[in-house]
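The values are calculated or read from the model by the stated rules, or taken from the named source; none is laboratory data. Since the structure is predicted, the reported quantities are computational estimates derived from the model, not experimental observations. Neighbour counts run over all protein chains shown; Cβ positions are idealised from the backbone, glycine included. Surface accessibility is based on the protein's heavy atoms, side chains included, excluding ligands, DNA and RNA. Shrake-Rupley method; radii C 1.70, N 1.55, O 1.52, S 1.80 Å.
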Amino acid sequence: MFQDGKTRPPYARLANWTESMPAPLRQMKQAEAEALFRRIGITFAVYGEGGDPDRLIPFDMFPRVFTGQEWSKLERGIKQRARALNAFLLDVYGRGEIVRAGRIPARLVYQNEAYEQAVVGIVPPKGVYSHIVGIDIVRTGPEDFFVLEDNCRTPSGVSYMLENREIMMRMFPDLFRENRIQPVDSYPARLRRTLASVAPAKCKGEPTVVILTPGHFNSAYYEHSFLADLMGIELVEGQDLFVEGEFVWMRTTEGPRRVDVIYRRMDDAYIDPLCFRPDSMLGIPGLMDVYRSGGVSICSAPGAGVADDKAVYTFVPEMVRFYLGEEPILQNVPTWQCGKADDCQYVLENLGDLVVKEVHGSGGYGMLVGPKSTQAQIELFRDKIKADPSNYIAQPTLALSTTPTFVEEGIAPRHVDLRPYCLCGESIDLVPGGLTRVALTDGSLVVNSSQGGGVKDTWVLAE
């Protein structure tokens, strides 16, 4: 919000807003926001910690603001990256030209646990493997944005992006009259259009699209049902679908109905017990046979996870150059791969200054933030890295930007990141905004909700 001691232009109208909101009013508004979240049912689940697993995600009322010019650069970089990631997936499940050219080590791709042999040779409709790409971005300076990681499987959190905006508009309508803020409420319509655009060739007429959920015990179940409602499509579990002939069918009160596009919100391992985990009770037996024969589209495609592996991440700028013939607009955070001897030695010598992550970790788990860790935690990670170096990467602790955040004492800076949701189908689409996650603990760099992080509304101002 501030630069060189002055309020930056995009935040100009918010300075007066905060000054005109005394502490009692702010506390009342915060309670109102929490009541709305609870009434609507916006919760996430944390398992294994005892107590009620369904928790209210902390919501901070102070929005994060981007100018139209800032967003324009981000949008171009995000779309470029999404195109490159999909080109990579199409390539490595086909001829593997990038591996043949020596631009990425074969072992990182073909020995990766997220690489699915069952998908080799399949070309999905429009050549798209990852239909919703969530790219986590951090800012380190006025013009400097870095990508922390890519999410090509089933990135969650878009319901918070939509509900944050809804609640802010309800509580502070004057702010939206005074600021020309680009809307995000078109996301469900755009998502449905994207999913319909990748219907299989065997689909005749208007495609039937469904969301496949593991069920109400899943941590993101609220989001699954929320998106199904907004898109006007069915929310189904594996038991609601079956394979017969060349197609997938949905059980309805009026008899079986053919399904053309499945937006699945479960891991590869569980979608078809005949192809992946035989003990899965969540999937549809025979689904992969129908997928291979072009009878149904699965979004995102099985095997898309090999593109968002944290070791493969280091090669995304090279993917942009190789497939698109362009220079990357958004840069990666400098990354050391512990699978390389020299990198591993450097990481082990500098553990106290680095952030170390498991290659397949997510949700803020399986990581070490060196400057915030005890010596015992550092030594524990040292042993883990020595035992299995290729399972870890390390990155410097960047000077992440902060945004004003309401805390008990008033307003304080807290670290944030941004997850925009890029839709890839017949065309590439992006709503102006995303999910801003905020590390509510003073000095913390971990923004994940499962680790005590919260969320904010994200504004993109119209030019």
Please find the FRET efficiency linking residue 35 to residue 444, where r is the Cβ-Cβ separation and R0 is fixed at 25 Å, and quote it to the nearest 0.05. 0.40
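When only Cα pairs under 8 Å and 6 or more residues apart are kept, what is the percent relative contact order across the chain?
Details: 858 pairs, mean separation 106.3, N = 463.
Reported relative contact order: 23 percent.
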Using a 7 Å offset from the Cα along the Cα-to-Cβ direction at both residue 377 and residue 56, what is the distance between the two label points in nm, to one decimal? 2.8 nm
Gained length - residue 97 relative to residue 25, 0.36 nm times residue gap less alpha-carbon distance: 19.9 nm
If the cut-off is 21 Å between C-alpha atoms, which lysines fall inside it for residue 310, apart from same-chain ones fewer than 8 positions away? 79, 340, 357, 384, 386
Alpha carbon centroid spacing (whole Å) that separates the stretch 210-228 from the stretch 119-143: 21 Å
Quickly estimate the mean residue ellipticity at 222 nm for the chain, helices only: each DSSP H run with n ≥ 4 gives -39500 (n - 2.57), and the total goes over all residues, rounded to 500. -8500 deg cm²/dmol
Using a 1.4 angstrom probe, figure out how much accessible area the chain has per residue, in square angstrom, rounded to the nearest whole. 43 Å²
Mind giving me the nanometre distance, one decimal, between the label points for residue 246 and residue 390, set 7 Å out from Cα along Cα→Cβ? 4.1 nm
The stretch 232-379 - percent of accessible surface contributed by carbon and sulfur, probe 1.4 Å: 49 percent
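Once R0 is set to 41 Å, what does the formula 1/(1 + (r/R0)^6) return for the Cβ-Cβ distance between residue 340 and residue 216, expressed as a FRET efficiency to the nearest 0.05? Don't skip to the end; give the middle numbers.
Values: r = 44 Å, r/R0 = 1.06.
Plugging the Cβ-Cβ distance into 1/(1 + (r/R0)^6) gives 0.40.
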Spin-label point model (7 Å from Cα, Cβ direction): what's the residue 176 to residue 120 distance in nm? 5.2 nm
